[in-house]
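Okay, structure first, notes after.
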Amino acid sequence: MTNDTATERAPLGVGIIGLGGIGRIHARAIGDLPNLGEVRAVAHARHEALAACGLPTTMRRTVDELLADDSVQIVAICTPSDTHADLALRAIESGKHVVVEKPIALDAASGRALIARADALGRTLVGIAQRRYEPQNIALAELLTSGALGHPLLGEVLVPWYRDDAYYRAAPWRSKRDGGGGSLANQGLHNLDLALMLLGPVVEVTGQSATVTHEIDVEDATTATLRFASGAMGILATTTGAHPGHNARLSVITTTGRFELDGDVIREWTFDVPAPASGGSAPGGGSDPLAIGHAGHLAQWRDVLGAIAAGRAPRATGQDAVHTAEVITAIYQSAATGAAVPVGTVAA
């Protein structure tokens, strides 16, 4: 048996904590990678959720039982946002590698503590960042990094989504700051994370937030300015009040041209070099939080399982997820204080 042929290894055992809508997307993605991974235990799962995923009820475990199961090498945490950091730490301490749905933690300090503990125990810790795995985004990042598109000047991110009152009633944590709710932390995170992939780390932010269209305890509209380490500037706006919900858009202006992503489709391209092929296959979450397909999760799970088996780092690292949390933490702090806020630790 060779050490670099994934198909010659036994699949890695995965335990999923939380089999709600997003947990089922993870289960589907892992199920599509039978040579790399296999779901072997599930916690916080109803019988009907297991049946919907084609998983036997005998896989049901308590969290403690799942973490003690030696057949599970990797734990996927798909529970409400405010439980992520605690469950991730418990999984790391149990000797597991960990994949955490967004956000990796509600604040930057908790995220950095998770990274430190995972590193100390030699465990892989990653946050879900499926937009980093869309083919057109990988190609755009490579073009920007190589300098083929000139020097970035300005990035713009707009997330004009819609969530009705029933969405917030269905899961009370979505309407609470200490639960991880908010149009930035809960809806805008993935497109902010994509901007960080394309333009690099952020060193300072300003922010404003408001609750405009919902009777909730957290903001449903946020705007921010971003200062990147490269010298580029950025503008970010998110909302959950834009009925009926629209695609997220991201544009980058450089010294030689401009491109705009509408969802995962490149709508504008003014550079002399050829444009990457557009995705066009990933549905947006503009009005339905689960209308995202599973292609991004599938690509990330393929990378994570392969990376752990081969002993390498995955494309999207835990530090990437922590830096996104740092930027969000800083934006909320700026919105509360009215001052520009330096971002805690600049990601490499």
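Bear in mind these aren't lab numbers, they're just calculated from the coordinates by the rules spelled out. Computed from a predicted structure; not experimentally measured. Note that we place each Cβ from the backbone using ideal geometry, even for glycine, and neighbour counts take in every protein chain shown.
The distance between label points at Ala120 and Ile138 comes to 3.5 nm (points 7 Å beyond Cα on the Cα→Cβ vector).
Which order results if Ser209, Ser230, Ser183 are arranged by neighbouring Cβ count within 10 Å, fewest first?
The order, fewest Cβ neighbours first, is Ser230, Ser209, Ser183.
Take every DSSP beta bridge whose two residues both sit in the chain; close to 55 percent of them are antiparallel.
In whole percent, what relative contact order does the chain give with Cα contacts below 8 Å and a gap of six or more residues? Contact order relative to length: 19 percent.
Relative to the longest principal axis of the chain, what angle (0 to 90°, nearest 10) does the C-alpha long axis of helix 189-199 take? Approximately 70 degrees, to the nearest ten.
Nearest 10 degrees, 0 to 90: what angle lies between the long axis of helix 135-146 and the longest principal axis of the chain (Cα atoms)? Relative to the chain, helix 135-146 is tipped by roughly 60 degrees. Among 238-248, 318-328, 102-112, 304-314, sorting by the average number of other beta carbon atoms lying within 10 angstrom of each residue, highest first, gives 318-328, 102-112, 238-248, 304-314. Picking from Thr223, Thr58, Thr206, which is most flexible by a Gaussian network model of the chain using Cα springs under 10 Å? Between Thr223, Thr58, Thr206, it is Thr58 that shows the largest mean-square fluctuation.
Given only helices, namely DSSP H runs of n ≥ 4 each adding -39500 (n - 2.57), what is the per-residue ellipticity at 222 nm of the chain, to the nearest 500 deg cm²/dmol?
Theoretical 222 nm ellipticity from helices: -10000 deg cm²/dmol.
Shown for Asp193, Asp119: other C-beta atoms within 10 Å of each C-beta, ranked fewest to most, produce the order Asp119, Asp193. Quarter the surface of the alpha carbon convex hull of the chain and you get the mean projected area, 17.1 square nanometres.
Please state the shape class of segment 167-258: rounded when a/c is under 1.5, otherwise prolate if a/b exceeds b/c and oblate if not, all from the C-alpha gyration tensor. Taking the square roots of the gyration eigenvalues as a ≥ b ≥ c, segment 167-258 is prolate. Extension gain, Ala210 to Asp164, is 14.9 nm, computed as 0.36 nm per intervening residue step minus the present C-alpha separation.
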